[in-house]
Amino acid sequence: MSDTLKDKISNATKDAMRARDSARLGTLRLLQAAIKQREVDERIELSDEDIVAIIDKQIKQRKESIQAYESAGRTDTAAAEQAEIDVLTEFMPEQASAEEVSALIEEVLAQLSADGVTGGAAMGKAMGAIKPKLAGRADMSEVSKLLKEKLMS
């Protein structure tokens, strides 16, 4: 039987408690709280995809914090944020390779041009088609940059 992502996070939390790993435990508890908050707010049971989206958002927030801390010269706090990213990354699906991302962009653009979609409209439609396929597996801002480069060439 395959554990859900929520079960894996719960088990990791219990392991961190047993190991008395307070830094890891704190990160996992924050993640569990974010998951629970969304479930309560929306009155639903979150799927693994929904949880991956929450983790992805938290990783993105921490990356922004790292930039702010480093520009303020607070390397100790930036290191703590990076440690939290490392914990959160464990629960993300395997990252897509650059070749896989590039091939998917080419495939989507070929489909759109066959449908006669070009210019600015192609960017939105392409991202709409790509995002579900790469959710949690690639940095969407990087995918967007690559897509823009391909559209301009």
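The values are calculated or read from the model by the stated rules, or taken from the named source; none is laboratory data. No experiment lies behind these values; they were computed from the predicted model shown. Note: ideal-geometry Cβ built from the backbone for every residue, glycine included; neighbour counts use all protein chains shown. Accessible surface areas use protein heavy atoms only, side chains included; no ligands, DNA or RNA. Shrake-Rupley method; radii C 1.70, N 1.55, O 1.52, S 1.80 Å.
Laid out as a table, the results:
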item	result
Matching residues, region 71-80, being exposed (fewer than 15 other Cβ atoms within 10 Å of the Cβ) and closer than 21 Å to residue 139 by Cα	79
Selection status of residue 77, of a type in the set (Ser, Thr, Tyr) and touching a residue at least 24 places away in the same chain (Cβ under 8 Å)	no
Top-ranked residue in region 1-22 [being surrounded by 12 or more Cβ atoms within 10 Å (Cβ to Cβ) and of a type in the set (Gly, Ala, Ser); ranked as farthest from the chain's Cα centre (by Cα)]	16
Every pair of residues 6+ apart whose Cβ atoms lie under 7 Å, when the first sits in region 22-40 and is assigned by the TED database to the domain that holds residue 85 and more than 14 Å from residue 81 (Cβ to Cβ) while the second is open to solvent by 60 Å² or more (accessible area, probe 1.4 Å) and not in a helix (DSSP H, G or I)	39/45
Hey, residue 45 open to solvent by 70 Å² or more (accessible area, probe 1.4 Å) and either in contact (Cβ under 8 Å) with a residue 60 or more places away in the chain or among the aromatic types (Phe, Trp, Tyr) (or both) or not	no
Of all residues in region 120-140 being farther than 17 Å from residue 92 by Cα and at pLDDT 80 or above, the one that is most open to solvent (accessible area, probe 1.4 Å)	125
Top-ranked residue in region 86-119 [being small (Gly, Ala, Ser) and under 15 Å from residue 144 (Cβ atoms); ranked as most open to solvent (accessible area, probe 1.4 Å)]	98
